[in-house]
Amino acid sequence: MLVRAITAPGLRRWCRGRRGAAVACFPLGRALLGVRGAEAAVFLQGLLTNDVTQLVAAGDGRPALYAHALNVQGRCLYDVILYRLHGSTAEEPHILLECDSSVLDSIQKHLKLYKIRRKVTITPCPDLSLWAVIPGEQPGDASSLPKSADQALLLTPDPRAEVMGWRLVAKKGANLSEIIPGSQVGDVQDYHRHRYKQGIPEGVKDLPPGVALPLESNLAFMNGISFTKGCYIGQELTARTHHMGVIRKRLLPVRFPAPLPSPGIPEGAEILTESGKPAGKFRAGGGELGIALLRLAHVNEPLCINLGGDRVELSATTPEWWPKAAAK
């Protein structure tokens with residue numbers, strides 16, 4: 001597989017702005033699929049919420065895109081990040097698809113169901129590893145990152161939100177200290193804590209297949225949907241919800257007063273207001289942080305979960321990276 005490095009002036013600006021902060025690299029258990037062929041972008045265009053043609057556009061095409069694959073009822077099946085691996089429009093389109101590793105077989109079957117006779121090959125990439133690159137708070141030499149960025153197979157800003165840093169794809173077993181000198185390999189649980197703190201969903205626990213709705217899951221805030229691209233599976237309900245402009249529930253970061261003992265809060269546990277009204281459902285979390293689908297009308301109220309006869313208190317916050325109008 002030919003994979004080219006992706007660098008950007010923004011990488012240097014980011015590092016200059018983070019001088020004195022160590023760069024943490026988190027190994028992710030997400031799976032990678034290669035989608036290659038003359039019709040790769042056209043094929044994915046009809047299956048995903050975002051405009052995949054941006055990855056193969058002439059000139060400075062997008063290096064990465066976030067998107068959801070929906071079912072016919074407009075509910076999320078898979079959350080994916082797409083990466084452009086081909087260098088120019090003269091080359092055969094080659095797109096790398098990142099997904100939850102637990103649904104790798106399922107998403108391959110989903111893609112092959114709609115492949116029909118398109119000139120596309122779909123193959124897993126077990127020889128590649130995926131990393132999240134996020135600036136930390138401990139002292140370190142972040143300024144060395146731009147010098148060695150060209151050693152990465154693929155290095156690009158996370159397309160969902162600036163607070164999520166960068167995505168790095170390297171060969172399996174690569175030495176991260178050679179790719180990003182001065183970086184530290186972090187505990188993946190700290191990466192998930194960072195996600196929960198920012199309210200960024202990822203994977204089937206945060207986005208239950210056939211249950212989660214894309215706009216309630218903040219897909220538009222995370223640059224994951226195009227409302228002008230044309231038809232795709234699940235578009236009708238999503239477009240209607242968008243044009244009505246009424247979204248009463250959203251995924252939000254939640255915090256508990258202290259880390260919860262194992263096994264923690266069950267996925268789907270009902271969240272109540274102080275007066276006992278239903279406020280939403282807990283999705284997933286770790287330690288004292290988590291993510292939950294909440295009615296916006298109750299976001300600023302004291303909330304609780306009844307757990308085994310005990311009342312567990314929690315609070316919700318609106319992420320700072322959200323659009324200002326949405327935070328009101």
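Points worth noting:
- Pro63, sole failed condition from (1) within 22 Å of Leu153 (Cβ to Cβ); (2) over 19 Å from the mean Cα position of the chain (by Cα); (3) open to solvent by 30 Å² or more (accessible area, probe 1.4 Å): (2)
- The residues listed here are Thr273, Thr238, Thr317; of these, the one that is over 23 Å from Arg75 (Cα atoms) and touching a residue at least 60 places away in the same chain (Cβ under 8 Å) is Thr317.
- Only residues that are modelled with pLDDT of 90 or more, open to solvent by less than 50 Å² (accessible area, probe 1.4 Å) and either more than 16 Å from Cys304 (Cβ to Cβ) or among the aromatic types (Phe, Trp, Tyr) (or both) were counted in the stretch 239-267, giving 5.
- If the condition is being in contact with a Lys or Arg (Cβ under 9 Å, 6 or more places away or on another chain) and at pLDDT 90 or above, then the stretch 126-154 contributes Pro126, Asp127, Leu128, Ser129, Leu130, Trp131, Ala132, Val133.
- Taking first residues from the stretch 284-296 that are in contact (Cβ under 8 Å) with a residue 24 or more places away in the chain and in a strand (DSSP E or B) and partners that are of a type in the set (Asp, Glu) and crowded, with 16+ Cβ neighbours inside 10 Å, the Cβ contacts under 9 Å between residues at least 6 apart in sequence or on separate chains come to Ala284/Asp206; Ile291/Asp206; Leu293/Glu216.
- For the stretch 75-85, filtering for residues that are open to solvent by less than 10 Å² (accessible area, probe 1.4 Å) and over 17 Å from Leu251 (Cα atoms) leaves 5.
- From the list Asn306, Asn223, the lone residue that is touching a residue at least 12 places away in the same chain (Cβ under 8 Å), open to solvent by 70 Å² or more (accessible area, probe 1.4 Å) and part of a strand (DSSP E or B) is Asn306.
- Within the stretch 190-206, the residues that satisfy the criterion of being assigned to a helix (DSSP H, G or I), open to solvent by 40 Å² or more (accessible area, probe 1.4 Å) and touching a strand residue (DSSP E or B) at 6+ places or on another chain (Cβ under 6 Å) are His192, Arg193, Lys197.
The values are calculated or read from the model by the stated rules, or taken from the named source; none is laboratory data. Quick caveat: nothing in here was measured; it's all calculated off a predicted structure. Cβ: placed from backbone, ideal geometry, glycine included. Neighbour counts: every protein chain shown. Remember, those area values only see protein heavy atoms, side chains included, never the ligands or the DNA or RNA. Shrake-Rupley method; radii C 1.70, N 1.55, O 1.52, S 1.80 Å.
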